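> Okay, handing you the structure first.
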Amino acid sequence: MYLEFAISFFDRKNRRKRCVIAAMVKVLLFCIPFSTALKSHAECDLGQIVGNAHDSKTGELLYIEEHGPRIDAKQTIIYREKNGDSFAEKSLDFSVSEFAPSVVQVNNLAGEKIVVEVSSDNRINASYREDREAKTKAKSLAPEQLPVIDAGFDNVLRDHWLTLINGETLEFDYFVPSRLSSVALKAEAVACDDEDSVCFKVSAANWLLRALIKPLNLTYSASCQRLIRFVGTSNIADAEGNYQFVDIRYEYLDTSLVSQKL
């Protein structure tokens, strides 16, 4: 499977697949436990999160992410253009599994649509449409063990936090909607320039894919374990269907102040 996937990177017609592993693992890694002094839950409120995505080379603002609070195991992310107009939306539902949430992502710019439904018997019903003209692909899976799906990655890191900060590598299967199958990824802690931060690198576990795909680099606040910077391939395509290489800085807004403005 890995060789087949690697070969597709050289097919210009399938250029979007070049970024799909890296793009789909750009997850919301918020509030991960850390072994040193932690701030209280109130001080680390995760209610409203805004991410400003810039072109990693030019610094141009490309789009804005608005992450709503997680309520009753559900969360919504809105993607907006520079002028504030929304162009995509993602819904997450962790009701069945903290590691494998159900996902619905609709991108009105590219016409891409992703649906991953996880049932209580651990069956996955997934569909993927590349653009408005493309035929929707669908598949039903019954894996022995659920793969990690989308933002479930943050809970995987939480479960293996001590392992990672002690220098070990975590490998796991990750579901890629565009292929309707899973690939092996690995996460590892790496050195940070800022001693108040914690950094991770996520890459393909297979050496061939690792040589072809740039890793994702993630930086967190050590005190609150909140994602403050992401550098890597975006998880949302532009109007031409391309996944851009972005530098995203996240801001955490005080929900009490947000509610006062509404």
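The values are calculated or read from the model by the stated rules, or taken from the named source; none is laboratory data. Since we're looking at a predicted model, the values are computed, not measured. So basically every Cβ, Gly included, is an ideal-geometry build from the backbone, and we count neighbours across all protein chains shown. Keep in mind that these areas ignore ligands, DNA and RNA; they rest on the heavy atoms of the full protein, side chains included. Shrake-Rupley method; radii C 1.70, N 1.55, O 1.52, S 1.80 Å.
> Determine the gain in length on full extension of the stretch ALA191-HIS160; use 0.36 nm per residue of separation and subtract their C-alpha separation, reporting nm with one decimal.
Net length gain for the segment: 9.4 nm.
> Among rounded, prolate and oblate, which fits segment 117-164 when a ≥ b ≥ c are the square roots of the eigenvalues of its C-alpha gyration tensor, a/c under 1.5 means rounded, and a/b larger than b/c means prolate?
It comes out oblate by the Cα gyration axes.
> If you don't mind, there's one more thing I want to ask. Taking the Cα-to-Cβ direction at GLU240 and at LEU141 and moving 7 Å from each Cα, how far apart do the two end points lie in nm?
Between GLU240 and LEU141, the label points sit 3.1 nm apart.
> With a 1.4 Å probe and every protein chain kept in, tell me what percent of the accessible surface of segment 110-262 is carbon plus sulfur.
Carbon-and-sulfur percentage of accessible area, whole number: 45.
> Scan around ASN108 for amide H atoms under 5 Å from its own, H built in the peptide plane at 1.01 Å from N, and keep only partners 5 or more places away or cross-chain.
Result for ASN108 returns ALA88, GLU89.
> First compute the accessible area of segment 49-103 with a 1.4 Å probe, then give the percent of it belonging to carbon and sulfur atoms.
About 46 percent, which is the carbon plus sulfur part of the accessible surface.
> Further question on the same structure: May I ask which of LYS90/LYS214; LYS74/LYS214; LYS113/LYS214 have a Cα-Cα span longer than 27 Å here?
The pairs that break the limit, which is 27 Å between Cα atoms, are LYS74/LYS214.
> Within 10 Å, count the other beta carbons around each residue, average over each peptide in 238-249, 211-222, and list them highest first.
211-222, 238-249
> In addition: For the pair VAL50 and ARG249, how long in nm is the line joining their label points, each one 7 Å along Cα→Cβ?
1.3 nm
> Give me the 1.4 Å probe accessible area per residue for segment 121-234, excluding ligands and nucleic acids, in Å².
Solvent-accessible surface per residue comes out at 48 Å².
> How much accessible surface area, in Å² rounded to 10, belongs to the heavy atoms of LYS113 with a 1.4 Å probe?
Near enough 80 Å² of accessible area.
> Along the Cα→Cβ direction, 7 angstrom out, place labels at SER181 and ASP121. What is the inter-label distance in nm?
Rounded to a tenth, the inter-label distance reads 2.5 nm.
> May I ask you to order 182-193, 95-106 by the average number of other C-beta atoms within 10 Å around their residues, highest value first?
So the order, starting with the most tightly packed, is 95-106, 182-193.
> In what sequence, highest mean first, do 144-155, 163-174 appear when ranked by Cβ atoms within 10 angstrom?
Packing proxy ranking, top to bottom: 144-155, 163-174.
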